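Notes follow the structure.
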Amino acid sequence: DIQMTQSPSVLSASVGDRVTLNCKASQNINKYLNWYQQKLGEAPKLLIYNTNNLQTGIPSRFSGSGSGTDYTLTISSLQPEDVATYFCFQHNSWPLTFGSGTKLEIK
Amino acid sequence: EVQLVESGGGLVQPGRSLKLSCVASGFTFSNYGMNWIRQAPGKGLEWVAYISSGSSYIYYAETVKGRFTISRDNAKNTLYLQMTSLRSEDTALYYCARSSWEGYFDYWGQGVMVTVSS
């Protein structure tokens, strides 16, 4: 199974900051990497698919990059509504696996 | 508008069974693979099972293989998860989610809670 490791587990930043969340796969996942945002009490929402494609309706301050085993989600200017837990997810091979999440907080 | 509405959750004793349903609307259900994903209280996400559009391909997480069965009725636009031999560690919020053409989950339901406890 492919293990997905996210770092940091908790990130505290100020409004307007540029923030970067990391996700590392235990083997090459060929850019089949997606990012989900989950706000408290809500279902996860797709932000980025296949490494760097912004889902329809998602603000352009979100972007993704990476290749091989290492991937990042960047928020160019943190907004209060971005408080959430962010999960990476690989669909390169079965079983499909999620990272354990990064909880993003506002300072 | 794509909608996925889960039902069938509740409190069940260890070792018993439960069947979840997910009714889909707003898209051609029979054209898409579907999934169950769960989230234990305060924990992360765990993919549970996948079924292809025509039920030809089915995959399970090792943690549920042999106990859970995913199925679908395309005439009723409904996805199912039959859960047997339930354990306390199966306690979670269960989401159904649609697979995009490329395999990631593009739409999720709001989830249904399953609690396994005596």
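The values are calculated or read from the model by the stated rules, or taken from the named source; none is laboratory data. The structure presented is a predicted model; accordingly, all values stated were derived computationally and were not measured. Here Cβ is always computed from backbone atoms with ideal geometry, including for glycine, and neighbour counts include all displayed protein chains.
Quick notes on this structure:
- Between A:GLY57, A:GLY16, the distinction of being outside any strand (DSSP E or B), modelled with pLDDT of 95 or more and within 27 Å of B:LEU4 (Cα to Cα) belongs to A:GLY57 only.
- Any hit, region B:36-44, residues being assigned to a helix (DSSP H, G or I) and surrounded by fewer than 20 Cβ atoms within 10 Å (Cβ to Cβ): no
- Residue among A:LEU46, A:LEU21 that alone is under 30 Å from B:ILE58 (Cα atoms) and of a type in the set (A, V, I, L, M): A:LEU46
- Look at region B:79-98: where a residue is farther than 16 Å from B:ILE37 by Cβ and a partner is charged (D, E, K, R) and at pLDDT 95 or above, sitting 6+ places away or on another chain with Cβ atoms under 8 Å, you get B:GLN82/B:LYS19; B:THR84/B:ARG67; B:SER85/B:ARG67; B:LEU86/B:ARG16; B:LEU86/B:ARG67.
- Residue within region A:11-23 that is within 10 Å of another protein chain (Cβ to nearest Cβ), under 29 Å from B:ILE51 (Cα atoms) and either crowded, with 21+ Cβ neighbours inside 10 Å or aliphatic (A, V, I, L, M) (or both) present: no
- Among the residues making up region B:71-94, those that are within 14 Å of chain A (Cβ to nearest Cβ) and out of contact with any Leu (no Cβ under 8 Å at 6 or more places or on another chain) are B:ALA92, B:LEU93.
Okay, residues lined up against (1) hydroxyl-bearing (Ser, Thr, Tyr); (2) more than 10 Å from every other protein chain (Cβ to nearest Cβ):
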| residue | (1), (2) |
| --- | --- |
| A:SER26 | yes, yes |
| A:ILE29 | no, yes |
| A:LEU54 | no, yes |
| A:ARG61 | no, yes |
| A:TYR71 | yes, yes |
| A:ILE75 | no, yes |
| A:LEU78 | no, yes |
| A:SER100 | yes, no |
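- Exactly one residue out of A:GLN37, A:GLN27 is in contact (Cβ under 8 Å) with a residue 40 or more places away in the chain, among the polar types (S, T, N, Q) and assigned to a loop (DSSP other than H, G, I, E, B): that is A:GLN27.
- Residues that are on the phi < 0 side of the Ramachandran plot, touching a Ser or Thr at 6+ places or on another chain (Cβ under 9 Å) and in a loop (DSSP other than H, G, I, E, B), drawn from region B:2-27: B:VAL2, B:GLY9, B:GLN13, B:PRO14, B:ARG16, B:SER17
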